[in-house]
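Engineer: The structure's right below; bear with me while I get my questions together.
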């Protein structure tokens, strides 16, 4: 798999990342092991998780696989802090103390002494931005993180955070921003992507397949084994099962038929090669699904197809 620089840093990552949001909850140890083996054998290196995924279950599962399935230095290990659901409700906290305590807990679950990329999972107004960013500086200077980034920040938030880190020598520049980005959701192209490109941040799209809708699996209904049929994800997926979404999915399906590809391959190749993008984060439910994703490495969309999809998916 081809490697790309993460923003303006010297960190190289595979141009597809493996997401683990469901690991330890909907994805068991055996399925996770198979996925990680397939990903590593394909040359994938970027492994993305978060302290809030399954209340730490994802990190714990990864911790059992690192050093067993893959060597520590063969993966770019990325995690996030700032969101938890330990109370049963979504709680956000980006104070310096909370973020650093969360990082220490993540390292313990992962069984490592540092992560390669540590990201603030969400913006909040409850903590001053400079306090949040100081946690990132401390993570790097203490050796607990090699690079740092942000996630789910708007355009102005991205620009403010990145500029703050560049303002004084000695602060750690932001390496990346992780945001939702797909043919079904191109809002980040208006401000986030231009800010990231101008300030040297690599863009890591999450849900690059439109929460699974762009695979075409929902064209004739909701499969019983799909995420839309799962109580955890029904509303998450349902927002794209509207008239606009159906139109984009049908355009993707026509392009796939003409190329002899799958809708998944068309959708993923489109977002992977957008300006500013370093690596889409793919979350497969099974190893078989992941195999279908990894095949896109050999594919590049023709310019005329890109232009047609740009037109039909424009906001």
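Engineer: Taking residue 118 as meeting all but one of (1) farther than 20 Å from residue 35 by Cβ; (2) modelled with pLDDT under 95, write down the number of the exception.
Structural biologist: (2)
Engineer: Among the residues of the stretch 102-128, which ones are within 24 Å of residue 155 (Cα to Cα) and outside any loop (DSSP other than H, G, I, E, B)? Let's see the steps before the verdict.
Structural biologist: Of all residues in the stretch 102-128, those within 24 Å of residue 155 (Cα to Cα) come to 117-128.
Scanning the stretch 102-128 gives 117, 118, 119, 120.
Engineer: Within the stretch 287-300, take every residue that is out of contact with any strand residue (DSSP E or B) (no Cβ under 8 Å at 6 or more places or on another chain) and in contact (Cβ under 8 Å) with a residue 40 or more places away in the chain and give me the one that is farthest from residue 262 (Cα to Cα). Spell out the reasoning first.
Structural biologist: We begin by selecting, within the stretch 287-300, every residue out of contact with any strand residue (DSSP E or B) (no Cβ under 8 Å at 6 or more places or on another chain); these are 287-289, 291-292, 294-300.
Subset that is in contact (Cβ under 8 Å) with a residue 40 or more places away in the chain: 287, 291, 294, 296-297.
On the way: 287: 17, 291: 13, 294: 12, 296: 10, 297: 13 Å.
Per the criteria, the residue is 287.
Engineer: Here's a follow-up. Using the structure shown, decide if residue 205 is buried (at least 24 other Cβ atoms within 10 Å of the Cβ) and at pLDDT 95 or above.
Structural biologist: On the way: buried (at least 24 other Cβ atoms within 10 Å of the Cβ): yes; at pLDDT 95 or above: yes.
Against the criterion (buried (at least 24 other Cβ atoms within 10 Å of the Cβ) and at pLDDT 95 or above), residue 205 qualifies.
Engineer: Could you check, for the stretch 164-172, whether at least one of its residues is touching a strand residue (DSSP E or B) at 6+ places or on another chain (Cβ under 7 Å) and touching a residue at least 60 places away in the same chain (Cβ under 8 Å)?
Structural biologist: First pass over the stretch 164-172, keeping only residues touching a strand residue (DSSP E or B) at 6+ places or on another chain (Cβ under 7 Å): 172.
Pick out the ones that are also touching a residue at least 60 places away in the same chain (Cβ under 8 Å) and you get none.
Within the stretch 164-172, not a single residue is touching a strand residue (DSSP E or B) at 6+ places or on another chain (Cβ under 7 Å) and touching a residue at least 60 places away in the same chain (Cβ under 8 Å).
Engineer: So, in the stretch 149-181, of the ones that are under 15 Å from the mean Cα position of the chain (by Cα) and buried (at least 24 other Cβ atoms within 10 Å of the Cβ), which residue ends up farthest from residue 107 (Cα to Cα)?
Structural biologist: 181
Engineer: Give the number of residues within the stretch 100-148 that are surrounded by 23 or more Cβ atoms within 10 Å (Cβ to Cβ) and free of Cβ contacts under 8 Å to residues at least 12 places away in the same chain.
Structural biologist: Final tally of qualifying residues: 0.
Engineer: Go through the stretch 262-296 and give me each residue that's modelled with pLDDT of 95 or more, part of a loop (DSSP other than H, G, I, E, B) and within 17 Å of the chain's Cα centre (by Cα).
Structural biologist: Hits for the stretch 262-296 are 273, 274, 275, 276, 278, 279, 280.
Engineer: Looking at the stretch 38-67, which of its residues are over 25 Å from residue 203 (Cβ atoms) and touching a strand residue (DSSP E or B) at 6+ places or on another chain (Cβ under 8 Å)?
Structural biologist: If the condition is that a residue be over 25 Å from residue 203 (Cβ atoms) and touching a strand residue (DSSP E or B) at 6+ places or on another chain (Cβ under 8 Å), then 54, 55, 57, 61, 66 are the ones that fit.
Engineer: Taking the conditions exactly as written (without any contact (Cβ under 8 Å) to a residue 24 or more places away in the chain and either on the phi > 0 side of the Ramachandran plot or buried (at least 24 other Cβ atoms within 10 Å of the Cβ) (or both)), does residue 82 satisfy them or not?
Structural biologist: Values: without any contact (Cβ under 8 Å) to a residue 24 or more places away in the chain: no; either on the phi > 0 side of the Ramachandran plot or buried (at least 24 other Cβ atoms within 10 Å of the Cβ) (or both): yes.
Against the criterion (without any contact (Cβ under 8 Å) to a residue 24 or more places away in the chain and either on the phi > 0 side of the Ramachandran plot or buried (at least 24 other Cβ atoms within 10 Å of the Cβ) (or both)), residue 82 does not qualify.
Engineer: Something else: Can you name every residue in the stretch 165-206 that is more than 20 Å from residue 254 (Cβ to Cβ), touching a helix residue (DSSP H, G or I) at 6+ places or on another chain (Cβ under 9 Å) and in a loop (DSSP other than H, G, I, E, B)?
Structural biologist: Of the residues in the stretch 165-206, the ones more than 20 Å from residue 254 (Cβ to Cβ) are 165-181, 185, 187-206.
From what is left, the residues that are touching a helix residue (DSSP H, G or I) at 6+ places or on another chain (Cβ under 9 Å) are 165-166, 170-174, 176-177, 179-181, 185, 188, 190-196, 198-203, 205.
170, 171, 172, 173, 174, 181, 190, 191, 200, 201, listed by residue number.
The values are calculated or read from the model by the stated rules, or taken from the named source; none is laboratory data. Bear in mind the structure is a predicted one, so any value in this text is a computation, not a measurement. Every residue, glycine as well, gets a Cβ built from its backbone with ideal geometry; the counts of neighbours run over all protein chains shown.
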